[in-house]
1. Of everything in the range A:10-55 that's of a type in the set (Phe, Trp, Tyr) and under 25 Å from the mean Cα position of the chain (by Cα), which residue is nearest to residue A:260 (Cα to Cα)?
2. Can you tell me how many residues in the range B:143-159 are assigned to a helix (DSSP H, G or I) and touching a residue at least 60 places away in the same chain (Cβ under 8 Å)?
3. So, restricting to helices (runs of 4 or more DSSP H) that lie completely within the range B:427-526, which ones have at least 3 residues that are surrounded by fewer than 16 Cβ atoms within 10 Å (Cβ to Cβ)?
4. Looking at (1) assigned to a helix (DSSP H, G or I); (2) more than 8 Å from every other protein chain (Cβ to nearest Cβ); (3) modelled with pLDDT under 85, which is the only condition residue A:274 fails?
5. Looking at the range A:117-233, what helices (runs of 4 or more DSSP H) fall wholly within it and have at least 2 residues that are under 20 Å from the mean Cα position of the chain (by Cα) and touching a residue at least 60 places away in the same chain (Cβ under 8 Å)?
6. Any idea which of A:205, A:256 is among the aliphatic types (A, V, I, L, M), facing chain B (nearest Cβ under 10 Å) and surrounded by fewer than 23 Cβ atoms within 10 Å (Cβ to Cβ)?
7. Being assigned to a strand (DSSP E or B) and either under 16 Å from residue B:167 (Cα atoms) or among the acidic types (Asp, Glu) (or both) is the filter here, so list the residues in the range B:112-140 that pass it.
8. Taking the conditions exactly as written (exposed (fewer than 14 other Cβ atoms within 10 Å of the Cβ), of a type in the set (A, V, I, L, M, F, W, C) and more than 20 Å from residue A:209 (Cα to Cα)), does residue A:57 satisfy them or not?
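The values are calculated or read from the model by the stated rules, or taken from the named source; none is laboratory data. It should be emphasised that the depicted structure is a prediction, and the values quoted were computed from it without experimental measurement. Here the Cβ is made from the backbone with ideal geometry for all residues, glycine too, and neighbour counts use every protein chain on show.
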Amino acid sequence: MRDKFTEVFKKIKKDPYMCAGVIITGIILLMIVVGLFWMPYEPTKMSAAEKLQGISFKHIMGTDNMGRDVFSRVMYGSRVTFLIALGTVFIGAFAGTLIGALTGYFGGLFDEITMRVIDAMFAFPSILLALVIVSVFGTGWMQLLLSLGIAFIPSFARIVRGEVLRCRNTDYVESAKLQGVSDVRMIFVHILPNIKGVLASSILIGFNNAVLAEAGLSYLGVGSQPPYASLGKMLSDAQQYMFTTPSYCLCPGLVIVLMVLGFSFLGEGIRRWE
Amino acid sequence: MITRRHGRKKICALLTVVLTTLTVALSGCSSDKAGDSAKNSGAGSSAASEQANAGDTSKLIVGIPQDIDSLDPHHMTGAGTKEVMFNVFEGLVKPDENGNLNPAVASEYTISEDNKVYTFTLRDGVKFHDGTDVTAEDVKYSLERNAGVDGSEPLISSFSEIESVNIVDDKHVEVVLNKADSELLPQFTVAIIPKANANPETNPIGTGPYKYVSNAPQESLVVTRFDDYWGEKAFIKDVVFKIEANSDAIVLDLEGGSIDMYARIPSAQVAQLSDKFEIYEGTMNLVQALYLNNAVKPFDDVRVRQALCYAIDPQEIMDFVSDGAGTEIGSAMYPAFTKYFLPELNDTYNHDPEKAKALLAEAGYPNGFEFTITVPSNYKQHVDTAQVLVEEFKAIGVTANIQEVEWNTWLSDVYTDKKYESTVVGFDASTVSAGALLARYESTSSKNTFNYSNKDFDEALHKATETADDAQKTEYYKECERILSKDAANVYIQDLPEYVALNKKFTGYVFYPIYLQDIAKIRPAE
């Protein structure tokens, strides 16, 4: 067990992508986990006397237009952003993989119809979809999760379908078929494990897209409600103070960049793992 | 191989994003510190035009946020168009900066005892921009054009009450109504235009202090001083209204000199302007409040509403939302209506959390309660206000949750369907009349978004609308305001600040209680 651990550790050390990815993602996750137990200030605590301050020892990322500590809000906001991105990717990857695997494996008319529906979903901008969902179910982050998740299904379905199609004609699938393996076992035991590399890196890329999509949707007031904020929401609030208090938009922006960068490196690392 | 190269590309792209962000940030820092030099170099070509224009006070360039939607004064819809064309067109009466309606094209008016006949005496020597005199015929034509006499939908809905417009003699026009209405006077601000003009849409002719010269859609509207104006003539000869489609460019254009004036400039941009500009601080003419649905629990209890009023501190809200600027209000009236505004109502409920808690306990909520504040997400100032309110209510044990909604959702759910507990917005007045703000509190009004109902209020409002005497009418309106304040119909907060930037070459900007820009009052600084 210990040997295996050091082996993995060595392998990570050898690959610069993996190395950078693990470090950056680790820092972000650490910040989120610490934020669960301790934050330097209450993220909603306002102070009229400390509005729009720059970086200082007291407030290491400055304060916002309500005098709230930006670092505490970034800690809270990255938790929200991370959870939304995680949930989105979970919904998208789960449903997308299922659809992709079934259509790819069975093919025929079912495949044709499903893929055309998926094509149609591609045509809708995710923002429009989110607005429709929000106007039907109201605002809140469950709704945001749902709308982003649905918007992410098509891309996963596409990728998985392509991979399944490729695997379907390989020799080991043919031989399993000759042994009389059932369809369900075929998909989940013989095919899916063989495409896990592609799936893993597309999940990480999807995670990045989800972080950015959440930031975009926050402009519309969909998602987390004030006084709480996600990173994207903070960024959109900060834009009008860009010249007077640059630290306010720079800090959440940098955390988004780091988060995306870390997961991209991680994705690239995993792809090169074998 | 291909995928690997693809992967590299992605990392390159990411690095580009990082670098771009840093560049933006750093350039932000430099322009912040280097100040004027950076701004001038950025202005480029506009700097040249500034030199040509420097010291020249015969021409004023006003930046406006949107295009002119129509040149026909009776078909204009946008508030942004009306505020500009106020300088070109005039009605029988005209609003002034204190909220009074003064005779304009008419020199005087009388309203009959039964409020059914309005008689206007035309002013001598009022000329249209084409040089012809204003006749009773033109007045009749202009009013009838809006009243839908040909059976079409009236352009001004309350003009459907007009039975006939009669020419008494050359100088007198009487308007006969089919039902009594003493509140119709503000509608006679509608533009008087010549009957002889066949194309009011392309050839706008009015009686205002400025006459139309040219209009280039998406670009600018040019007007020039009308030297035969009956009243006090304008100071500045040429005025150009330049459309500023990009609101981010306002500061740059002001500094570069391609515009001299911009109204309703956001406070964050005011902070970036140099001392070349005079900043006029007025009010937005809105009644900003935490509006409560008086029909839902617990807001059906007057003590709960009063408790919320005691819980808030308007000055603290202003400190957070607009650096302390803004004007406190205590009822459904904003201070620019000096005639109707009652400053003493600001003190009906002074910040007192202890009293608030006592009132809540009395009402049966010793441990507070929880409610939702619905806020339109496109109005940052209202969202910010709601956030401060949440903190202030925490102090009296009341939990408020904010729900941001899109503007159209707000209109349908809150304004029309009244499916809400509370909301933070600002209400404005469509005409220069206290009735425009107060009539919506009448228990039977379809615009009564708050489900407010009080017999005394209804009675006072009726008296106000029935009375023709202005002083008495004003007194009844004030009574309405007092009732709203006593009843704590809503948690009234403030009238938000509005900033106008004007180049110091000019001076004399005046704020009005309604949405318009009076350019004729602006004059050269020397």
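1. The selected residue is A:17.
2. Here the count works out to 2.
3. B:455-466, B:470-487
4. All conditions pass for residue A:274, except number (1).
5. By residue number, A:126-137, A:141-168, A:196-217.
6. After ruling out the rest, the residue left standing is A:205.
7. B:117, B:118, B:119, B:120, B:121, B:122, B:133
8. Considered against the rule, which asks whether it is exposed (fewer than 14 other Cβ atoms within 10 Å of the Cβ), of a type in the set (A, V, I, L, M, F, W, C) and more than 20 Å from residue A:209 (Cα to Cα), residue A:57 comes out as yes.
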